[in-house]
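Note sheet for the following structure.
The values are calculated or read from the model by the stated rules, or taken from the named source; none is laboratory data. Quantities reported herein were computed from a predicted structural model and do not represent experimental measurements. FYI the Cβ positions are ideal-geometry reconstructions off the backbone, even for glycines, and counts take in every protein chain you see.
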Amino acid sequence: AQKITQTQPGMFVQEKEAVTLDCTYDTSDQSYGLFWYKQPSSGEMIFLIYQGSYDEQNATEGRYSLNFQKARKSANLVISASQLGDSAMYFCAMRELMNTGFQKLVFGTGTRLLVSP
Amino acid sequence: DGGITQSPKYLFRKEGQNVTLSCEQNLNHDAMYWYRQDPGQGLRLIYYSQIVNDFQKGDIAEGYSVSREKKESFPLTVTSAQKNPTAFYLCASSKAGLGELFFGEGSRLTVL
């Protein structure tokens with residue numbers, strides 16, 4: 001079974017600074033996908049960024065970038081120029097194909113990010 | 001606007017009562033999912049459905065039931081057999097079971 005590990009329960013960063021949220025994964029599949037989601041206090045999960053295992057370049061979406069190191073099995077999220085609205089829980093997830101040929105997402109335990117003024 | 005609507009947002013029930021959580025999507029997605037979230041844990045898959053009239057158990061299906069009579073709707077029933085039902089429940093959908101999942105705003109169930 002695949003596994004996602006997020007070792008940072010909480011992170012603090014000052015506004016306008018960059019922050020890296022760690023994520024390591026374990027899989028024996030050659031083809032896989034990695035996702036990052038943001039969960040504000042309101043509860044909904046917001047998709048941020050996706051990296052496919054065969055993508056040669058690191059994914060970027062605005063202020064979000066994914067530092068993908070395949071050999072180390074890590075997929076860290078980098079948020080540049082942090083804003084107060086970035087304060088939330090952040091989850092790393094991996095796509096796992098089930099016996100039915102269908103996908104599910106396996107989630108890590110999350111990192112709570114607090115951005116201070 | 002397209003999206004996923006979950007209701008109710010908050011629900012309180014006594015032990016031994018069945019509870020049904022609603023999930024409706026207008027994204028025309030084939031796949032729908034129910035996840036459970038507990039404090040300090042990630043999301044865990046309860047049930048999923050690839051097409052209408054078909055659904056499969058996820059990792060923690062015991063004590064839950066679902067139906068998929070319409071493409072847009074995937075209600076979850078938390079039965080009295082679920083030993084620890086107090087949790088935050090998230091419904092999601094995806095196109096053809098691949099790619100990113102789109103989530104609803106969640107339903108918080110508290111059993112007294």
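Points to keep in mind about this one:
- Restricting the stretch B:67-112 to residues that are of a type in the set (A, V, I, L, M) and surrounded by fewer than 18 Cβ atoms within 10 Å (Cβ to Cβ) leaves a set whose member that is nearest to A:TYR50 (Cα to Cα) is B:LEU98.
- Each residue in the stretch B:61-80 was checked for being among the β-branched types (Val, Ile, Thr) and at pLDDT below 95, and 1 of them qualify.
- The stretch B:85-100 residues that are more than 10 Å from chain A (Cβ to nearest Cβ), paired with ones that are among the acidic types (Asp, Glu) (beta carbon under 6 Å, 6 or more apart): B:ALA87/B:ASP38
- Odd one out for A:GLY52 among (1) under 25 Å from B:GLY106 (Cβ atoms); (2) within 11 Å of another protein chain (Cβ to nearest Cβ); (3) surrounded by fewer than 16 Cβ atoms within 10 Å (Cβ to Cβ): (1)
Table: residues versus (1) closer than 25 Å to A:LYS3 by Cα; (2) aliphatic (A, V, I, L, M).
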site	(1), (2)
B:GLN17	no, no
B:GLY40	yes, no
B:ILE60	yes, yes
B:THR77	no, no
B:SER80	no, no
B:LYS83	no, no
B:LEU90	yes, yes
B:ARG108	no, no
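- Residue satisfying all of: in the stretch A:1-46; touching a Phe, Trp or Tyr at 6+ places or on another chain (Cβ under 6 Å) and more than 10 Å from chain B (Cβ to nearest Cβ); nearest to B:GLY99 (Cα to Cα) among these: A:LYS38
- The listed residue being out of contact with any Ser or Thr (no Cβ under 7 Å at 6 or more places or on another chain) and within 25 Å of B:ALA92 (Cα to Cα), out of A:GLN69, A:GLN51: A:GLN51
- Residue check, B:LYS9 more than 14 Å from the chain's Cα centre (by Cα), surrounded by fewer than 18 Cβ atoms within 10 Å (Cβ to Cβ) and of a type in the set (Lys, Arg): no
- Comparison of A:ALA75, A:ALA88, A:ALA59, A:ALA93 shows that the only residue that is surrounded by 15 or more Cβ atoms within 10 Å (Cβ to Cβ), closer than 15 Å to A:GLN2 by Cβ and more than 10 Å from every other protein chain (Cβ to nearest Cβ) is A:ALA75.
- From the list B:ARG108, B:ARG44, the lone residue that is of a type outside the set (S, T, N, Q), part of a strand (DSSP E or B) and without any contact (Cβ under 8 Å) to a residue 40 or more places away in the chain is B:ARG44.
- Pick from the stretch A:104-117, criterion at the interface with another protein chain (Cβ under 10 Å from one of its Cβ atoms), in contact (Cβ under 8 Å) with a residue 12 or more places away in the chain and buried (at least 20 other Cβ atoms within 10 Å of the Cβ), ranking: farthest from B:SER49 (Cα to Cα): A:GLY110
- Qualifying residue in the stretch A:63-85 (condition: small (Gly, Ala, Ser) and closer than 30 Å to B:PRO8 by Cα): yes
- Qualifying residue in the stretch A:79-93 (condition: free of Cβ contacts under 8 Å to residues at least 40 places away in the same chain, touching a strand residue (DSSP E or B) at 6+ places or on another chain (Cβ under 8 Å) and farther than 20 Å from A:VAL13 by Cα): no
- Residue satisfying all of: in the stretch B:13-56; under 12 Å from the mean Cα position of the chain (by Cα) and basic (Lys, Arg); farthest from the other protein chains (Cβ to nearest Cβ) among these: B:ARG36
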